[in-house]
Amino acid sequence: MTNSRKTPIGISKEEFKRMGHQLIDTIAGFIDTIDKRPVTTGETPGQLQSIIGISSLPENGISAEEILSKTSHLVFNHSLLNGHPKFLGYITSSPAPIGALADLLAATVNPNVGAQILSPIATEIEKQTVKWLAEFIGVSPGYGGILVSGGNMANFTAFLAARTAKAPGNIKEDGIPGASPKLTIYCSKATHTWIEKAAILFGHGSKSIRWIQTDAANRMDNEVLERTIKNDLEKGYQPFIVVGTAGDVSTGVVDDLSGIATICKTYDLWFHIDGAYGIPAAVIPEQKMLFEGVGEADSIALDPHKWLYSPLEAGCTLVKNPKHLTDTYSSHPAYYNFSSNEESLVQNYYEYGLQNSRGFRALKVWVTLQQVGRRGYIKMISEDIELSKLFFELANSHPELEAITQNLSITTLRYVPVDIAQNDENRETYLNTLNEALLNKLQKGGEVFLSNAIVKEKYCLRGCIVNFRTSKKDIEEIIKIIAREGKIMHRKLQEKQAI
Ligand SMILES: *Cc1c(COP(=O)(O)O)cnc(C)c1O
């Protein structure tokens, strides 16, 4: 009896094997046919609700085998497939298949990676993953950090550490000083929305953000940055953090990071890099120049679930001096001792970030990094960039397409009908309407999935390739799809106008 408590949740070894094998078979079949499926079915929430059925929570449980089999069909047939070769939307990658298996393994053992004693090997694996990520992007091995759920959390985790380090007085005990000096934040206009969320949620208010204008290349204008900081200091503000972006979310532009680093040194400010999307490209020798200054950052956010192709969710905060994390998040000030004694090797991750209980998200990143290796990543990331350039060139040479920008693996373009006059005063307004309608149509059509970007007031279609399944042929076909659908949408809008 001791070992045989009967519960509705346990599964016998035989049953587990049968169900597991069956599930793996279905998953393998799914992965193998992903390119033949629609990217999305375009079903409405109402349609989906009727598919899953509106009923109450079951009173009595049903067979696990039946649930799993039904559920796999449900999610395979009614999802948007970001593993599809023609999925180029937002910045969500095709997930590494080994990551799916690692998630199964992680959930099976279920270590709580909040404390070392609860997760002996998992903590070591996370430490090594963080080290490898630092090594990957080419910063000193002294950087330490933590894995979090994604880019937003990685940036928040760093933001709060910056504040503890740079705010006057003892913010941990006294909180944010009510009136002056008011803490101010600096970033370019192209910065991702996380910064606004951080300023609002952490009590600074959105007015504490100085949105620095960008130059012709869409990089933060560092002269304006320095002028703004000086101006604020004269007025009695207290600047504390500058955010540089390494691959902006819309068009993939990398700020002049070493220029920002110099300004931060001059004014004793925290230099944070948001590299959620773009920083993995620093691994490519030919791209290295673009990322000069990365090693001077006080903190860096990166997202293994973007360009390292990890399944969601995996973000990472790296901090040059990891003591800033424990200064912020630890509740045992006597604890940290990063010198070389044996005790310092114990690392309780709850003291490095906002979470307490933590899952083993490091495992899927760790196994993928090993499976692929540095060389493998150089190859895949370079190919993504090459495909993005091809996308731009094909758009550029197409009579009905206008290529707009190309940086890292992001291309923006728009459909421009041949019969629209250059001097038509409604030209730009019409093209914006047309391209927005075109994007909406494409997103529901299931052939290709693109997102949008507004570039110098032009509404653009945007393709971001963080997808190891996308090929040259896919890009050629996507160009044809856009031109075909663009033409149809143009005709439709013209007819509407004519009525
Ligand atoms: C994607 C992205 C974020 C947000 O990351 P999530 O993983 O979606 O939370 C922040 N900054 C940049 C530059 C990004 O590309």
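The values are calculated or read from the model by the stated rules, or taken from the named source; none is laboratory data. Worth saying up front: this structure is predicted, and the values here are computed from it rather than measured. Here Cβ is always computed from backbone atoms with ideal geometry, including for glycine, and neighbour counts include all displayed protein chains. What goes into the accessible areas is simple: the full protein's heavy atoms, side chains included, and nothing from ligands, DNA or RNA. Shrake-Rupley method; radii C 1.70, N 1.55, O 1.52, S 1.80 Å.
Looking at this model, which pairs from 288/379; 441/487; 458/487; 86/480 are more than 20 angstrom apart at the alpha-carbon? Could the numbers behind the result be given before it?
Values: 288/379 15 Å; 441/487 12 Å; 458/487 18 Å; 86/480 13 Å.
Pairs exceeding the cut-off: none.
Which whole-Hz ³J(HN,Hα) couplings does the range 57-65 yield from phi under the Karplus relation 6.51 cos²θ - 1.76 cosθ + 1.60, θ = phi - 60°, glycine and proline marked x?
3, x, 6, 10, x, 10, 5, 4, 4
Tell me which residues come under 5 Å, amide H to amide H, from residue 192 once H is placed; ignore anything under 5 positions away on its chain.
Amide H to amide H, under 5 Å and 5 or more residues apart or across chains, residue 192 pairs with 249.
Which one of 418, 57, 100 is farthest out on the positive end of the charge dipole of the chain, using unit charges on Cβ (Lys, Arg +1; Asp, Glu -1) and the Cα centre as origin?
57
Using the Karplus curve 6.51 cos²θ - 1.76 cosθ + 1.60 with θ = phi - 60°, work out ³J(HN,Hα) for each residue of the range 318-326 in order, rounded to whole Hz, and write x for Gly and Pro.
Result, ordered by residue: 10, 10, 4, 10, x, 4, 4, 6, 5 Hz.
Just to confirm, what accessible area per residue do you get for the chain at 1.4 Å probe, in whole Å²? Walk me through the numbers on the way to the answer.
On the way: 24570 Å² over 499 residues.
Here the residues of the chain average 49 Å² of exposed surface.
Can you compute 3J(HN,Hα) from phi for each residue in the range 352-366, using the Karplus curve 6.51 cos²θ - 1.76 cosθ + 1.60 with θ = phi - 60°, rounded to whole Hz and x for Gly and Pro?
Listing the rounded values in order: 10, x, 7, 7, 9, 5, 9, x, 9, 5, 4, 4, 5, 6, 4 Hz.
Which far-off residues, 5 or more places away or on another chain, put their amide H under 5 Å from the one on residue 256, with H placed in the peptide plane?
220
Listed highest first by mean packing, meaning other Cβ atoms within 10 Å per residue, what order do 148-156, 400-408, 452-460, 280-288 come in? Write down the numbers at each step before the final one.
Details: 148-156: 23.3, 400-408: 20.6, 452-460: 17.2, 280-288: 18.8.
Going by the mean number of other Cβ atoms within 10 Å, highest first, we get 148-156, 400-408, 280-288, 452-460.
Would you mind working out the magnitude of the charge dipole of the chain relative to its Cα centre, with +1 at each Lys and Arg C-beta and -1 at each Asp and Glu C-beta, to the nearest 20 Debye? Don't skip to the answer; put the middle values down first.
Numbers: 51 positive and 55 negative charges, 115 e Å.
Dipole size: approximately 560 debye.
Counting only other residues whose beta carbon sits under 14 Å from that of residue 285, what net charge do I get with K and R as +1, D and E as -1?
Details: positive: 288, 374, 375, 379; negative: 286, 292.
Taking every Cβ under 14 Å from that of residue 285, the sum is +2.
Can you give me the % of accessible surface on the chain that is carbon or sulfur? Probe 1.4 Å, all protein chains present, nothing else counted.
55 percent
Given Cα pairs under 8 Å that are at least 6 residues apart, what percent is the relative contact order of the range 102-236? All intermediate terms of the calculation are to be shown ahead of the outcome.
Working: 93 pairs, mean separation 19.0, N = 135.
Over the range 102-236, the number comes to 14 percent.
What is the packing order of peptides 189-200, 98-109, 357-368, taking the mean over residues of other C-beta atoms within 10 Å and listing the highest first? Don't skip to the answer; put the middle values down first.
Details: 189-200: 18.2, 98-109: 16.2, 357-368: 24.1.
Final packing ranking: 357-368, 189-200, 98-109.
If all Cα-Cα distances of the range 112-360 are sorted into 5 Å bins from 0 onward, what percent lands in each bin, rounded to whole numbers?
1, 6, 14, 19, 20, 16, 12, 7, 3, 1, 0
Only helical DSSP H runs with n ≥ 4 go in: add -39500 (n - 2.57) per run for the chain, normalise by residue count and round the 222 nm mean residue ellipticity to 500 deg cm²/dmol.
Working: 14 runs with 213 residues, N = 499.
One gets -14000 deg cm²/dmol as the mean residue ellipticity at 222 nm.
Sum up the charges of everything whose Cβ sits under 11 Å from the Cβ of residue 309, counting Lys and Arg as +1 and Asp and Glu as -1, but leave residue 309 out. Each step should come with its number before you reach the end.
On the way: positive: 306, 364, 469; negative: 303, 384.
Surrounding charge for residue 309 is +1.
Can you tell me the relative contact order of the range 13-81? Whole percent, Cα pairs under 8 Å, sequence separation 6 or more. Present the calculation step by step, with values, prior to reporting the outcome.
Details: 21 pairs, mean separation 41.6, N = 69.
Worked out over the range 13-81, it gives 60 percent.
Relative contact order of the chain: what whole-number percent is it, with Cα pairs under 8 angstrom and at least 6 residues apart?
Working: 858 pairs, mean separation 102.2, N = 499.
Answer for the chain is 20 percent.
Find the eigenvalues of the gyration tensor of the Cα atoms of the range 374-498, then list the square roots of 5 times those eigenvalues as equivalent ellipsoid semi-axes, largest first, in whole angstrom. Spell out each step's value before the answer.
Details: eigenvalues 159, 41, 27 Å².
Calculated on Cα positions only, the semi-axes equal 28, 14, 12 Å.
Just list whichever of 166/323; 207/323; 320/389; 235/320 have alpha carbons separated by over 25 Å in the model shown.
As for pairs spanning more than 25 Å Cα to Cα, those are 207/323; 320/389; 235/320.
Could you pull out every residue, at least 5 positions away or on a different chain, whose amide H is within less than 5 Å of the one on residue 187? Hs are placed 1.01 Å off N in the peptide plane, and Pro or chain starts have none.
Sorted by chain and number, the residues that satisfy this are 210, 212, 243.
Could you tally the net charge around residue 492, taking each other residue with its Cβ under 12 Å from the Cβ of residue 492, Lys/Arg +1 and Asp/Glu -1? Before the final figure, lay out each step's value.
On the way: positive: 441, 487, 491, 496; negative: 485, 495.
Every neighbour counted, the sum reads +2.
Specify, per residue and in Å³, the volume enclosed by the convex hull of the alpha carbon atoms belonging to the chain. Numbers along the way, then the final one.
Details: hull volume 100.5 nm³, N = 499.
Here the figure is 201 Å³ per residue.
Would you please classify the overall shape of the range 13-81 from the alpha carbon gyration tensor, given that a ≥ b ≥ c denote the square roots of the eigenvalues, rounded means a/c under 1.5, and beyond that prolate means a/b larger than b/c while oblate covers the rest? Mind dumping the intermediate values first?
Numbers: a/c = 4.89, a/b = 1.10, b/c = 4.46.
Oblate.
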